[in-house]
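Written out below as structure tokens is the structure these notes cover.
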Amino acid sequence: MLVGTSSVAWAQTPAPADTLRPATKQQLNTLPPAGPSGTPAYSAPTRDQVVETPPPLTLGISLGWGAPYATGLEMAYRFQPTLDANVGLGLGTSGAKLGAGVRFYVPSRTRNQLFLGTNLIYSAADIEIDTDDNGVKGRYRINSSTLLHFRGGWHHQYRRNALQVALGYGAVLTPHPAIEFIPGYGPGTAISQKAFEIIGPGGLEVSVSLLFGLGRSKVAVR
């Protein structure tokens, strides 16, 4: 009887906790956490995937002959990759310049683009100049005029800044002549008259502009 009682007591005694707990082994999770669809979590884009577009607002310096703003400054804003609007002022041989214009850029996947543009310019002058060509005297007057410039050229974009080379022509819109010979001061000469036609408002344009980006560049991931 005592042997039976001891056997029952031994059977009801709980086993040690260590014998009931399954053996576990710590494992390292070497995979990135999965997203909702089972794909790896988002990783930062590489440098090749990041595209930096130039600032839309630029400050430009124009140099050359017959440019809409002569030797001067322009402020331009590029609304779209193919279109910008600009305003500017400057000083040339025919007086001060003030006006506005637009440029249309031919779409391109490279840093080089062709463009076409037009500017409406007011040329403030009202200047009288005396000439003496081998003893033949004359007096000429450069009048203030309104001009319409038609131009085209090449645009090269650097990271933030750009270079433009343009050819064009400025047409005088005002009814009075841009250059007048004033009688009574001498007959003048054909050479003097031709020289004033060249330096007067309007005519051929050959110019170079440097555009400097203002503000932050736009960044996109492709």
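Read-outs: derived from the displayed coordinates by stated rules, not from any lab. On a predicted model such as this, the values are computed, not experimentally measured, just so you know. Positions of Cβ are backbone-derived with ideal geometry, glycine not excepted, and every protein chain shown enters the neighbour counts.
A few notes on this one:
- Hey, V172 crowded, with 17+ Cβ neighbours inside 10 Å and in contact with a strand residue (DSSP E or B) (Cβ under 9 Å, 6 or more places away or on another chain) or not: yes
- Close pairs (6 angstrom Cβ cut-off, 6 or more residues apart or separate chains): within 28 Å of I121 (Cβ to Cβ) in segment 185-203, in a loop (DSSP other than H, G, I, E, B) anywhere: I199/T93; G200/S94; G200/A178; P201/S94; P201/A178; G203/G66
- Looking only at residues of segment 63-112 that are closer than 16 Å to S123 by Cα and in contact (Cβ under 8 Å) with a residue 60 or more places away in the chain, we find that the one that is surrounded by the most Cβ atoms within 10 Å (Cβ to Cβ) is P68.
- Only one of the numbered conditions (1) surrounded by fewer than 14 Cβ atoms within 10 Å (Cβ to Cβ); (2) farther than 30 Å from A195 by Cβ; (3) free of Cβ contacts under 8 Å to residues at least 40 places away in the same chain; (4) in contact with a strand residue (DSSP E or B) (Cβ under 7 Å, 6 or more places away or on another chain) is not met by L116, and that is (1).
- The residue list E205, E180, E197 contains one member that is within 35 Å of the chain's Cα centre (by Cα) and farther than 30 Å from A76 by Cα, which is E197.
- Filter result (part of a strand (DSSP E or B), under 24 Å from G168 (Cα atoms) and among the polar types (S, T, N, Q)) within segment 98-136: N112, Q113, T118, N119, S123
- Residues of segment 126-145 satisfying the condition of being surrounded by 14 or more Cβ atoms within 10 Å (Cβ to Cβ), farther than 30 Å from L163 by Cβ and either small (G, A, S) or free of Cβ contacts under 8 Å to residues at least 24 places away in the same chain (or both): G138, S144
- Checking each residue in segment 175-222 for being exposed (fewer than 11 other Cβ atoms within 10 Å of the Cβ) and among the hydrophobic types (A, V, I, L, M, F, W, C) picks out A190, V219, A220, V221.
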